Amino acid sequence: MNPLFAERTKAARRSVIRELLKLTEQPNIISFAGGLPDPDTFPREFLAQVAADEIRNNPGKTLQYTTTEGKLPLREPLSRWFAEDGMEFPPDHIVITSASQQGLDLVAKVFLDPGDVVLVGLPTYIGAIQAFQAMQAKLVGVPLEDDGMDLHALSDAITTARLAGQIPKFIYVVPDFQNPSGITWSEEKRRGLLEIASREDLVVVEDMPYRKLRYVGKPVPPVASLDEEGRVVVLFTFSKTLAAGLRLGALAGPKEIVEKVVTMKQATDLCTSSLTQRLAVRFFQEYDVEGHMRTICAHYRKKRDAMLSALERYMPKDEGISWTKPEGGLFLWVRFPEHLDTEQMLPRAIEHKVAYVIGAPFFVDGKGHNTMRLSFSSATTEQLEEGIRRLGQVVEEELASLRSPQRV
Ligand SMILES: Cc1ncc(COP(=O)(O)O)c(C=O)c1O
């Protein structure tokens, strides 16, 4: 059978993280590994009521196919939501997608031929790596600094790719509270990114699943709101603000791109679920959306604060250990001295009943072995405290064993 598989499936690898997550699903483990939103934030009573009502009383709109672009009564409030954030996308520049992972798949299908170059952060979101690699693209990593990509390195990477005869197509960024690092780009870097994209005639794919989850500090304008040339494609999702299981999101961008996306989506799934679109329409019409966002942010903020405060107290103070202090989102990122390998340390963590995600799979250049991602979304504040206490001990033991391997 194997010779029958397409080249792209032969090269595809299952996510290492999914394999490792199985390890962490043991009883009593406090896990900071999964990146799932907290189900307590899903408005389940409201969803249950409107789902029953829609299915009983509105079957023509709820149980039937809908257009590939998605329902207009959903694209309209989304368009207003974008506008409040400075992004001008009229409803006909918006396609409803089966959440943002489908947006990633569709931009990959629209832009990428085998061997084309996509520029991504070091680190970057694994689902994006998978979507782009499925189109046999070449992913080129650009280091992320505390305020966004190293723009000199970005320019150099584009030049190097062109000199090698490769064709760069787009730059993929998650400028707000990135998964995995929690980093937010400064406005200066967002403008710099657009300058480079303009000079090099590239598209920017701005993935913003966490943008609405800001707990402290002032919002930085989305890259799309600063774009005067129509070269930014935005990926939006309801996964973190309504419910991930609805599999609902949107792609917005210049008309020319959106039309291509719609054509590709027809081949993929004809349309996104009518039922979940109707639930989101009713969410905008009847729910206190702003109040809901405030509640979710307050909920996650407490968890973020608990994790940061526990890290201050329990993480060894050795040189080379540092972590990001995200102003929103669900993740923070810990760096260790070069000689500490978080994959090698994982069995020790499991022994101590705490879990994290190793950093290396988020790097397309094979590095990042001394990093880890911690998610504060699902644990209780007590578990955050206890889990980080355990993790601090794990790191301390690991560093001791690296100093004198024979003793431990
Ligand atoms: C940066 C980023 N993009 C896209 C996704 C995909 O999410 P969904 O398909 O649920 O919108 C995630 C999920 O964690 C993410 O972190």
field: Checklist (1) open to solvent by less than 30 Å² (accessible area, probe 1.4 Å); (2) away from the ligand (no atom under 16 Å from the Cβ); (3) in a helix (DSSP H, G or I) applied to A243, failing item
entry: (2)
- prompt: What's the number of the condition E327 fails, among (1) charged (D, E, K, R); (2) more than 17 Å from G387 (Cβ to Cβ); (3) surrounded by fewer than 20 Cβ atoms within 10 Å (Cβ to Cβ)?
  reply: (3)
task: Output the number of the condition that L112 fails; it satisfies all remaining conditions of (1) touching a Ser or Thr at 6+ places or on another chain (Cβ under 6 Å); (2) open to solvent by less than 30 Å² (accessible area, probe 1.4 Å); (3) modelled with pLDDT of 95 or more.
output: (1)
- line: Of the listed residues (D318, D305), the one being open to solvent by 20 Å² or more (accessible area, probe 1.4 Å) and either in the same structural domain as G148 (by TED's automatic domain parsing) or under 22 Å from the mean Cα position of the chain (by Cα) (or both) is D305
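Where in the stretch 44-103 are the helices (runs of 4 or more DSSP H), entirely inside, with at least 2 residues that are buried (at least 21 other Cβ atoms within 10 Å of the Cβ) and within 16 Å of the ligand (Cβ to nearest atom)?
Values: elements: 44-57, 59-62, 72-84.
Those helices (runs of 4 or more DSSP H) span 72-84.
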- prompt: Among the residues of the stretch 218-240, how many are touching a Ser or Thr at 6+ places or on another chain (Cβ under 8 Å), within 19 Å of Q178 (Cα to Cα) and away from the ligand (no atom under 11 Å from the Cβ)?
  reply: 1
message: Among the residues in the stretch 160-171, are any touching a residue at least 24 places away in the same chain (Cβ under 8 Å), touching a strand residue (DSSP E or B) at 6+ places or on another chain (Cβ under 6 Å) and under 27 Å from V357 (Cα atoms)?
response: yes
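Can you confirm whether F236 is assigned to a strand (DSSP E or B) and either open to solvent by 20 Å² or more (accessible area, probe 1.4 Å) or outside the structural domain of V394 (by TED's automatic domain parsing) (or both)? Steps first, answer last, please.
Details: assigned to a strand (DSSP E or B): yes; either open to solvent by 20 Å² or more (accessible area, probe 1.4 Å) or outside the structural domain of V394 (by TED's automatic domain parsing) (or both): yes.
For F236, the condition - assigned to a strand (DSSP E or B) and either open to solvent by 20 Å² or more (accessible area, probe 1.4 Å) or outside the structural domain of V394 (by TED's automatic domain parsing) (or both) - is met.
Among the residues of the stretch 200-217, write down those that are within 15 Å of the ligand (Cβ to nearest atom) and aromatic (F, W, Y). Steps first, please.
Residues of the stretch 200-217 within 15 Å of the ligand (Cβ to nearest atom): 204-213.
If the condition is that a residue be within 15 Å of the ligand (Cβ to nearest atom) and aromatic (F, W, Y), then Y210 is the only one that fits.
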query: Residues in the stretch 123-134: is at least one closer than 30 Å to V334 by Cα, open to solvent by 30 Å² or more (accessible area, probe 1.4 Å) and either free of Cβ contacts under 8 Å to residues at least 12 places away in the same chain or within 14 Å of the ligand (Cβ to nearest atom) (or both)?
result: yes
message: Taking the criterion of being open to solvent by 10 Å² or more (accessible area, probe 1.4 Å) and within 14 Å of the ligand (Cβ to nearest atom), would at least one residue in the stretch 248-267 satisfy it?
response: no
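How many residues are open to solvent by less than 20 Å² (accessible area, probe 1.4 Å) and small (G, A, S) if we restrict to the stretch 25-34? It would help to see each step written out before you state the result.
Within the stretch 25-34, the first condition is being open to solvent by less than 20 Å² (accessible area, probe 1.4 Å), and the residues that meet it are 30, 32-33.
Right, trim to small (G, A, S) and you get 33.
Going through the stretch 25-34 one residue at a time, the tally reaches 1.
The values are calculated or read from the model by the stated rules, or taken from the named source; none is laboratory data. What you are looking at is a predicted structure, and each value in this text was computed from that prediction instead of being measured. Cβ coordinates were reconstructed from backbone atoms using ideal geometry, including for glycine residues, and neighbour counts include every protein chain displayed. Accessible surface areas use protein heavy atoms only, side chains included; no ligands, DNA or RNA. Shrake-Rupley method; radii C 1.70, N 1.55, O 1.52, S 1.80 Å.
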